[in-house]
Amino acid sequence: MIRSKATSIFIHAAGWLVFFGFPLLFMNRTQQNSGFTFTVILSPYYWLFCLTYIFMFYFNAWFLVPRFVFHKKYVIYGLIILLLSGCVYFLQPFDNLLLHNLKKEKQSTTAPIGPQLMPGADSNKNMYFGPLPHEDLRMQDPNLKKPSNQVVFIHQSGNIDLVALFIFIIVIGLGIAVSTVQKWQLTEQMVIRAEAEKAHAELSFLKAQINPHFLFNTLNNIYALSVTDSEHTSESIMKLSNIMRYVTDEVTEDFVLLQSEIDCIVDYIDLQKLRLGKKTELTVNFSGDIGLQKVPPLVIMTFIENVFKYGVSKHEASVIRINIDVKDNKILFLCENTIFDNRPTSNRKGIGISNTRQRLQHIYPGKHSLNISSENNMYRVELEVIT
């Protein structure tokens, strides 16, 4: 934000420096006096020219456009612009500066006042053609009097300062453009901020759905062990305690270490092993540089949970394969389980997979691939994530 303001100030300062130099370059084009530029800068008409347009630019850009144009009060805005143009017509900033410059130039090139000789006359004969000492200048034509050194003119009747009006139109147009661009940038920033907040809220909502869903299934498994008075009930409660600690302490973050996710998976698999029979073939493999990688919490766990939920049978043989491999900046996850044709389809649709898809779209847009397929009586999930 500070950098943006500094850039804006620099652009405005550079623009006004160019504008200040415009009348100097225009008037110095035919001048040979090295001190002429300094004389023009000290002129009050130079500052009248500059300050008039500076005031109108910022008054238009910071007040008129936001107050009237952005609120669609075009008639009032048009009347105020006409009033400002009338002020420019009355002040005539460019013509006043130009006439003042011409006056200074004429004074600098006029010969000193003194006795004038008639062309071709003898210089030894003091022939003087100026006014006689005894002549009364009060009766002469005022137009023949010497012009005064004082220059005072603001508005010359019947004269239209077209250059000043043209510059006024440019300044007003630039003010409208600057205000419009600033409003567009502010609106774009608000949209980006709103989208980020929406994405964060959606992720929080999705995680809030996943956690109860995951714990609900785990508690069902422990309940099944307790009903059968299994000796592994206490051990399964300890495993659930580890999982609960992970879910409550670490899952609140957007990313966790892959090793922490795997530790939770191992506890969950050990918990599931307590109810697996001899007909289930379980293969689990973790490889690669796991310690330095980070993943969203419970993304992989969602697929592990479904594997044990739908891929285990007490009456039929089943196969479960789980593999996590880390290569450079890629995490490759693969899980497979047997599909049972005689298992009745549940009327209740799980939310784990759909929420996981949405989370991956939010967190890894264009940097992940998720393929779910069913071939050769096997349900297969392949997930590749580029971290």
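Annotations for the structure displayed:
- Meets criteria (surrounded by 13 or more Cβ atoms within 10 Å (Cβ to Cβ) and modelled with pLDDT of 85 or more) for S260: yes
- Pairs where the first residue, in the range 250-263, is without any contact (Cβ under 8 Å) to a residue 40 or more places away in the chain and the second is among the aliphatic types (A, V, I, L, M) and part of a loop (DSSP other than H, G, I, E, B), C-beta under 7 Å, 6+ apart: Q259/I290
- Among the candidates V266, V284, V247, the residue that is among the aliphatic types (A, V, I, L, M), touching a strand residue (DSSP E or B) at 6+ places or on another chain (Cβ under 6 Å) and either open to solvent by less than 50 Å² (accessible area, probe 1.4 Å) or outside any loop (DSSP other than H, G, I, E, B) (or both) is uniquely V284.
- Scanning the range 354-387 for residues that are under 17 Å from F308 (Cβ atoms), surrounded by fewer than 15 Cβ atoms within 10 Å (Cβ to Cβ) and either touching a helix residue (DSSP H, G or I) at 6+ places or on another chain (Cβ under 6 Å) or modelled with pLDDT under 85 (or both) yields a count of 0.
- Residues located in the range 303-321, provided they are under 19 Å from Y246 (Cβ atoms) and open to solvent by 10 Å² or more (accessible area, probe 1.4 Å): N306
- Looking at S354, S373, just one residue is free of Cβ contacts under 8 Å to residues at least 60 places away in the same chain and part of a strand (DSSP E or B), and that residue is S373.
The values are calculated or read from the model by the stated rules, or taken from the named source; none is laboratory data. Quantities reported herein were computed from a predicted structural model and do not represent experimental measurements. Every residue, glycine among them, receives a Cβ derived from its backbone with ideal geometry; neighbour counts consider all protein chains shown. When the accessible area is computed, the model is the full protein with side chains, heavy atoms only, and any ligands, DNA or RNA have been set aside. Shrake-Rupley method; radii C 1.70, N 1.55, O 1.52, S 1.80 Å.
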